[in-house]
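Following: one structure in structure tokens, then a few remarks.
The values are calculated or read from the model by the stated rules, or taken from the named source; none is laboratory data. Predicted model only: the values in this text are computed from it and were never measured. All Cβ positions, even for glycine, are placed from backbone atoms using ideal geometry, and neighbour counts span all protein chains on display.
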Amino acid sequence: MMKVHAGNSKINGSALIYFFKLFCALFCIWILLSGKFEVKFLAVGLLTSLGTAYLFLPLFTMQNKKTGEPIYLLQTNLCRLLGYSLWLLGEVVKASLSATGLVLRGKTDYVPRVVYFRMDFENPLATAMLANSITLTPGTITLSISEDGIFGVHAITEACAADVLSGKMQRRVAKLYGETCEFEAMPECTLVAVSERTADSASAFSALKSRLRKGDPVHVHG
């Protein structure tokens with residue numbers, strides 16, 4: 001028996017079960033696309049689906065980054081996935097209308113910003129789902145994800161930034177994949193300090209390059 005984890009929820013099952021599910025899905029797709037029910041076509045589809053499922057099943061299994069145990073990526077509650085997809089579609093529509101309003105009103109006084117939050121998922125698919133959901137929503141783009149689950153997100157307006165930092169999307173994705181990690185908005189003062197240090201470093205580097213171009217002596221202290 002193989003133990004498969006979906007987020008923090010443990011699922012016990014045989015790898016044969018997931019192989020059979022993948023085979024059935026591929027065979028159904030074959031039938032829908034071919035539209036032919038002669039025995040020879042069904043036999044070819046059966047063999048092709050079996051071979052494809054055997055070859056690609058390992059690609060749908062990843063390791064839990066904390067425990068190292070296998071996670072079957074397609075082990076997702078379809079009802080929850082459908083509910084999340086409908087909710088996300090509604091968010092995309094609302095954000096699209098808001099972005100369209102900005103363009104039509106010709107407002108240019110909004111201040112884009114980059115916000116950070118921590119959502120340390122165990123399931124890589126949850127991380128990918130959240131990152132893509134943020135990017136699909138007009139007004140926000142996922143810029144970076146660190147190893148310890150810190151997301152960097154560009155928000156075009158204060159309202160978009162506040163929406164990201166509310167944590168509602170993050171919690172829905174966590175519920176979708178059975179994750180128990182907590183949402184944490186990163187403190188703004190920390191980000192300002194990091195930006196200032198980065199700016200100081202960039203200024204010092206620019207000054208050094210300027211002196212080198214002019215041929216001025218540069219002293220390096222050990």
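Observations on the structure shown:
- Meets criteria (of a type in the set (D, E, K, R), at pLDDT 85 or above and surrounded by 19 or more Cβ atoms within 10 Å (Cβ to Cβ)) for Asp148: no
- Selection within the stretch 49-106 - of a type in the set (A, V, I, L, M), farther than 25 Å from Thr157 by Cβ and in contact with a helix residue (DSSP H, G or I) (Cβ under 7 Å, 6 or more places away or on another chain): Leu50, Ala53, Leu57, Met62, Leu73, Leu74, Leu81
- Arg113 vs. criteria surrounded by 14 or more Cβ atoms within 10 Å (Cβ to Cβ), at pLDDT below 90 and under 25 Å from Lys94 (Cβ atoms): yes
- Within the stretch 73-129, tally of residues that are closer than 14 Å to Arg172 by Cα and β-branched (Val, Ile, Thr): 2
- Meets criteria (surrounded by 12 or more Cβ atoms within 10 Å (Cβ to Cβ), free of Cβ contacts under 8 Å to residues at least 12 places away in the same chain and more than 25 Å from Phe121 (Cα to Cα)) for Val39: no
- Top-ranked residue in the stretch 170-191 [being outside any loop (DSSP other than H, G, I, E, B) and not aliphatic (A, V, I, L, M); ranked as modelled with the lowest pLDDT]: Thr190
- Residues of the stretch 102-127 that are free of Cβ contacts under 8 Å to residues at least 40 places away in the same chain, in a helix (DSSP H, G or I) and either over 21 Å from Phe151 (Cβ atoms) or more than 20 Å from the chain's Cα centre (by Cα) (or both): Val103, Leu104, Arg105.
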